[in-house]
1. Return yes or no: is residue 6 more than 30 Å from residue 304 (Cα to Cα), modelled with pLDDT of 95 or more, in contact with a helix residue (DSSP H, G or I) (Cβ under 9 Å, 6 or more places away or on another chain) and of a type outside the set (Lys, Arg)?
2. Could you list, ordered by first residue, the pairs with Cβ atoms under 6 Å in which the first is in the range 287-305 and open to solvent by less than 70 Å² (accessible area, probe 1.4 Å) and the second is β-branched (Val, Ile, Thr), at least 6 apart or interchain?
3. Determine which single condition residue 136 fails, assuming it passes every other condition in (1) part of a helix (DSSP H, G or I); (2) open to solvent by 40 Å² or more (accessible area, probe 1.4 Å); (3) in contact with a Ser or Thr (Cβ under 8 Å, 6 or more places away or on another chain).
4. Name the residue that is most open to solvent (accessible area, probe 1.4 Å), counting only residues in the range 144-163 that are part of a loop (DSSP other than H, G, I, E, B) and under 18 Å from residue 255 (Cβ atoms).
5. Looking at 86, 58, which is the one that is touching a residue at least 60 places away in the same chain (Cβ under 8 Å) and over 20 Å from the mean Cα position of the chain (by Cα)?
6. Could you check, for the range 79-101, whether at least one of its residues is touching an Asp or Glu at 6+ places or on another chain (Cβ under 8 Å), over 18 Å from residue 125 (Cβ atoms) and surrounded by fewer than 20 Cβ atoms within 10 Å (Cβ to Cβ)?
7. Suppose the filter is closer than 27 Å to residue 17 by Cα and either open to solvent by 30 Å² or more (accessible area, probe 1.4 Å) or not polar (S, T, N, Q) (or both); does residue 277 pass it?
8. Can you name every residue in the range 126-153 that is over 10 Å from the mean Cα position of the chain (by Cα) and without any contact (Cβ under 8 Å) to a residue 60 or more places away in the chain?
Amino acid sequence: TGRVLAMSGGFSHDMSKFNRATPARRQPGSAFKPLVYLAALDQGFTPSTMVLDAPFVIDQGPGLGKWKPGNYSGKFYGPSTMRLGIEKSRNLMTVRLAQTIGMDRIAEYASRFGIVDNLPQTLAMSLGAGETTLIRLTTAYAMLVNGGKRITPTLIDRVQDRLGRSVYRHDDRACPDCRADAWHNQRIPEIPDKRPQITDPASAYQIVSMLRGVVERGTGRRVSEVDKPLAGKTGTTNEERDTWFIGFSPDLAVGVFVGFDEPTPLGRHETGSSVPAPVFRDFMKDALEGQPAIPFRTPPGIRLV
């Protein structure tokens, strides 16, 4: 629904009143990649489409040298499926995808999902070089697991005046049949869902399925200890300055960012999988304790092969 259930904006409120979850803009790194893959799926790609993982070089213009992105491992793996590419967070595959489908389309998706309003249309942005906030990125992931419906995050459900009349409601859907003095076997009211559909539900589900693979086999394996249906994506920027893990269960989206206020390296090999992912894991263990293992909801039109 977009209701914010918990928020922590820093290490200590006594040391700093600044809420890093809402206005602090940082580079998402690989946590941005699901938007690139989603744009590709909407263009006819599938999770099993093969993409070349090989050296990629672009001449940036006079005096600017050549741009040579690389994988975190420093290796190349040849043709690989898109599913494997997102599970292992392969940079070169993502850049090739972005070049194929066009950065203009990816910038439009970034704006549509509220991650970055005006994303510069350069290939480095497909690897998360733009800046966004933790609440924006977490909300975008929530829209993926919500079947591609728009979500507006809120901390306030309703405001009433002194007579108990509602002067503001976050949920503005009308339900004239919801109030009844007594039960007379009438039908249960059906409330319309007016939220805009911002992407194809089938593509959203495919991304959710691929992000579940990140937890089961990829860079987010530490999260699998929760032993519930979970999905998500790690994010690490150059020199390990920003680390992220954004993920979700079928009904709860959670975003974790770890980094210094002044962007400073956290240390060698301190990545999204080693720093924020264990925080996400421990939080989800408590949040989902005693709850049934609900599977991710499959929309109509999806055939599992």
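1. Values: more than 30 Å from residue 304 (Cα to Cα): yes; modelled with pLDDT of 95 or more: yes; in contact with a helix residue (DSSP H, G or I) (Cβ under 9 Å, 6 or more places away or on another chain): yes; of a type outside the set (Lys, Arg): yes.
In short, yes.
2. Between residues of the range 287-305 that are open to solvent by less than 70 Å² (accessible area, probe 1.4 Å) and residues that are β-branched (Val, Ile, Thr), the close pairs are 296/208.
3. If we test residue 136 against (1) part of a helix (DSSP H, G or I); (2) open to solvent by 40 Å² or more (accessible area, probe 1.4 Å); (3) in contact with a Ser or Thr (Cβ under 8 Å, 6 or more places away or on another chain), just (3) comes out false.
4. First pass over the range 144-163, keeping only residues part of a loop (DSSP other than H, G, I, E, B): 146-148, 150-153, 155-157, 161-163.
Filter once more, keeping what is under 18 Å from residue 255 (Cβ atoms): 146, 150-153, 155.
On the way: 146: 55, 150: 87, 151: 18, 152: 84, 153: 55, 155: 106 Å².
Top of the filtered list is 155.
5. Working: 86 fails: over 20 Å from the mean Cα position of the chain (by Cα).
None of the others qualify; the one that does is 58.
6. For the range 79-101, residues touching an Asp or Glu at 6+ places or on another chain (Cβ under 8 Å), over 18 Å from residue 125 (Cβ atoms) and surrounded by fewer than 20 Cβ atoms within 10 Å (Cβ to Cβ): present.
7. Details: closer than 27 Å to residue 17 by Cα: yes; either open to solvent by 30 Å² or more (accessible area, probe 1.4 Å) or not polar (S, T, N, Q) (or both): yes.
Yes: the conditions hold for residue 277.
8. Passing the criteria: 146, 148, 149, 150.
The values are calculated or read from the model by the stated rules, or taken from the named source; none is laboratory data. This structure is a prediction, so every number in the text was calculated from the model and none was measured. Cβ coordinates were reconstructed from backbone atoms using ideal geometry, including for glycine residues, and neighbour counts include every protein chain displayed. Side chains are part of the model used for accessible areas, which takes the heavy atoms of the whole protein and leaves out ligands, DNA and RNA. Shrake-Rupley method; radii C 1.70, N 1.55, O 1.52, S 1.80 Å.
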